[in-house]
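Report on the structure given below.
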Amino acid sequence: MSSAALVSVEEYLGHASKPACEYVAGALRPKPMPTKLHALIQYLLVALLRKQGIDALPEVTLRLEERKFLIPDVIAAPFVEEPYPTKPVLLCAEILSPEDRLNVVFAKCEDYHAWGVPFCWIIDPIQRTGWEYHAGHSPTAVTLPGNLRAGNLIVRMDDLFSDQIRQTKTGSQAETPEADRS
């Protein structure tokens, strides 16, 4: 399927090829290709949230409107509807890929907020920083050794950027951003 062609909701929901695409008013929007570092942060974030007794899952398609489906990198909620949540979750987290633009990801968080999600996090694995973007507030930068917070949920940046993650970033094949994220 071409990202320029308009498709129906039924075609979108039956679309199983990679990369994953989001769906907005008939248009497919391919998600950026995740990197190894992105995948490690995603895995670790899910584990750190689950330790706190919340249902945390990666890459779950959310149905925000009849013709709008977005796929956060991680969601967290006391209960996650199947097959596609149609009610707001507690937290949506986005992990930046090298080609992501921060302003576009902030706009995606605004879509989540408009749907009713109270808490969003954006995590930059390259810069080892994050942002809390909570409904009704401006984004707030969180740097090491700070904490990301969403209600009663807390993730320590030191835990998220563990030694294993630091070694991946500083190793001989360290990932580098290919474009400015501003």
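Can you figure out the FRET efficiency of residue 141 with residue 68, using R₀ = 30 Å and their beta-carbon distance, to the nearest 0.05? Spell out each step's value before the answer.
Numbers: r = 28 Å, r/R0 = 0.94.
Approximately 0.60, to the nearest 0.05.
With θ taken as phi - 60° and the coefficients 6.51, -1.76 and 1.60, list the Karplus ³J(HN,Hα) couplings across segment 121-131 in order, rounded to whole Hz; mark glycine and proline as x.
Using θ = phi - 60°, the values come out as 10, 10, 10, 10, x, 6, 7, 6, 9, x, 9 Hz.
Only the coordinates and a few stated rules stand behind these numbers; no lab work does. Computed from a predicted structure; not experimentally measured. Positions of Cβ are generated from backbone atoms using ideal geometry, with glycine treated the same way; all protein chains shown enter the neighbour counts.
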